[in-house]
Amino acid sequence: MKWFRAGGLLLLFCITLTARESELTETGQQVPDFSVVILEGREVHIRDLRGRVVPINFFATWCGPCNREMPHLENDIWQVYKDRPFTVLSIAREHTMEETAAFRDEKGLTFPMAPDPDRSVYGLFASMYIPRNILVDPQGKIVYQETGFDEEKLKDLLRQIDSLLNPSNNSWSPREVYE
C-alpha cells in the first residue's frame with residue numbers, strides 16, 4: 001500500500017513538473033504580443049486590452065477537462081465580472097472559426113472566443129497541455145498561470161481575479177462554485 005501511494009505521488013509530481021516545463025511564459029513578465037479574430041469577426045489585440053483584467057483560456061473542443069471548465073468560465077467568471085474592466089479571451093487550440101463557433105453555440109457560451117488553428121498564439125505561451133489559463137493584469141503583466149482544471153484551480157483563479165478587480169477587499173473568501 002505504501003508503494004502505491006508513493007507511486008501515485010511520484011506520478012503527480014512528474015505530471016506537474018512536465019506541465020511546468022511546457023510553459024513558455026512566467027508570472028511577472030509582460031504578456032506576449034498577439035492578436036486574434038474573435039467569432040464576431042473583430043480583431044482583438046492584447047495590447048488594446050490594457051486597463052482590463054484578462055483571463056486567457058486555451059482549450060480544445062475534444063478535451064474533457066476543457067469541457068468541464070467551460071460552464072464555470074461562463075457562469076462563475078464571465079457573467080459575474082463582464083460589466084467590470086474585464087474581458088475573457090478563450091482561444092480554441094487547433095480549431096477553425098467554424099468549429100469554434102459550433103462549439104460555442106452547442107455549449108451556450110457568450111464570452112469572446114477565437115480560433116487558433118495553427119497554434120500560433122498558443123505557441124507563445126506553452127508547448128503542450130490544455131486547458132491552460134493565464135491571467136493578465138491591467139498593466140499587461142502575467143499574474144497567474146495554471147494548467148488543468150479542478151475545483152481548487154478554479155477557486156485560485158477566482159481569488160486572483162477578485163483581488164485585481166477589488167484590491168481593497170482583503171476579506172475575500174472563496175465562493176462556493178460547485179453545487
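The values are calculated or read from the model by the stated rules, or taken from the named source; none is laboratory data. Here the structure is a predicted model, which means the values were calculated and not measured. Note: ideal-geometry Cβ built from the backbone for every residue, glycine included; neighbour counts use all protein chains shown.
Within segment 39-83, the set of residues being over 14 Å from L135 (Cβ atoms), of a type outside the set (S, T, N, Q) and part of a loop (DSSP other than H, G, I, E, B) comprises L39, E40, G41, R42, R50, G51, A60, W62, C63, K82, D83. Looking only at residues of segment 126-167 that are aromatic (F, W, Y) and within 20 Å of G64 (Cα to Cα), we find that the one that is modelled with the highest pLDDT is F149. Residues in segment 19-72 that are in contact with a Gly (Cβ under 8 Å, 6 or more places away or on another chain) and either surrounded by fewer than 18 Cβ atoms within 10 Å (Cβ to Cβ) or of a type in the set (D, E, K, R) (or both): A19, L24, Q30, R47, R50, P65. Is it the case that E69 is among the charged types (D, E, K, R), more than 14 Å from L39 (Cβ to Cβ) and at pLDDT below 95? Judged against the criteria, E69 is not a match. Under the condition of being crowded, with 21+ Cβ neighbours inside 10 Å and under 14 Å from P55 (Cβ atoms), the residues counted in segment 89-111 number 3. Looking across segment 84-125, just one residue is out of contact with any helix residue (DSSP H, G or I) (no Cβ under 9 Å at 6 or more places or on another chain), assigned to a loop (DSSP other than H, G, I, E, B) and either acidic (D, E) or at pLDDT below 95 (or both), and that is D118.
At pLDDT 95 or above and out of contact with any helix residue (DSSP H, G or I) (no Cβ under 9 Å at 6 or more places or on another chain): is that true of G51 in this structure? The answer is yes for G51.
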